[in-house]
1. Looking at Arg28, Arg73, Arg108, Arg98, which one is crowded, with 18+ Cβ neighbours inside 10 Å and either free of Cβ contacts under 8 Å to residues at least 12 places away in the same chain or in contact with a Gly (Cβ under 7 Å, 6 or more places away or on another chain) (or both)?
2. Looking at Ala3, Ala9, can you tell me which residue is modelled with pLDDT under 95 and either more than 12 Å from Phe122 (Cα to Cα) or not hydrophobic (A, V, I, L, M, F, W, C) (or both)?
3. Testing Leu50 on (1) surrounded by fewer than 19 Cβ atoms within 10 Å (Cβ to Cβ); (2) modelled with pLDDT of 95 or more; (3) touching a Lys or Arg at 6+ places or on another chain (Cβ under 7 Å), one condition comes back false. Which one is that?
4. Can you name the condition, by its number, that Ser159 falls short on among (1) modelled with pLDDT of 95 or more; (2) not in a helix (DSSP H, G or I)?
5. Restricting the search to the stretch 53-63, which residues are crowded, with 16+ Cβ neighbours inside 10 Å and either free of Cβ contacts under 8 Å to residues at least 24 places away in the same chain or farther than 24 Å from Gly23 by Cβ (or both)?
6. Inspect the stretch 118-136 for any residue being hydrophobic (A, V, I, L, M, F, W, C), part of a helix (DSSP H, G or I), at pLDDT below 95 and surrounded by 10 or more Cβ atoms within 10 Å (Cβ to Cβ) and give the result as yes or no.
Amino acid sequence: MTAKTTAVAAILYFIIVFVIAFGLGTIRVLLLVPAIGALAATLIELPIILTVSWGASDYVVARRAVSPASAPRLAMGAIAFLILMTAETLLGLFAFGRPIADQFSAYRGLAAQIGLAGQIAFAAIPWIQGKMARNIPQAAFSSVAASTTPTMPRMMPVSSKSLGV
């Protein structure tokens, strides 16, 4: 496992989640916020994004063979988080004309704080999945498979003598 593998995994993880989150964020801002408010809209969007993040992380670590050890998983999440925060800041600045100071002051609101907590969870997901993978002993898989494999009962040979005929 190299630093390059971890960095590539982080970039892929960011791209997958960012593209989907950008689409959902557009729906949230244009449709949900005017109808139900920022907080309710964020609370609706957040579990969807975290589910997407979970699946994207699982997909990327499997395809890029990222070790379940803490260091590469923490690095993957941290790199993806830094890219996310940079992209979000640059998008706000250049696409929406929001000065950086205004972007940071937005975190005073509860909806933005919940969104930031979701972004931190996004960063933690690769590590959480790695920890879960490390806590499941490989022997458990073989014993579960063995215990759930149906077996036929051993039959005694049948003869006319054993049937009493």
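1. One residue alone meets the criteria, Arg73.
2. One residue alone meets the criteria, Ala3.
3. With (1) surrounded by fewer than 19 Cβ atoms within 10 Å (Cβ to Cβ); (2) modelled with pLDDT of 95 or more; (3) touching a Lys or Arg at 6+ places or on another chain (Cβ under 7 Å) applied to Leu50, the lone miss is (3).
4. Evaluating Ser159 over (1) modelled with pLDDT of 95 or more; (2) not in a helix (DSSP H, G or I) leaves (1) as the failure.
5. Result: no residue meets the conditions.
6. Checked against the condition, which is being hydrophobic (A, V, I, L, M, F, W, C), part of a helix (DSSP H, G or I), at pLDDT below 95 and surrounded by 10 or more Cβ atoms within 10 Å (Cβ to Cβ), the stretch 118-136 yields at least one hit.
The values are calculated or read from the model by the stated rules, or taken from the named source; none is laboratory data. As the structure is a computational prediction, the values presented were derived from the model and not from experiment. Because the Cβ atoms are built from the backbone with ideal geometry, glycine has one as well, and the counts that use them run over all protein chains shown.
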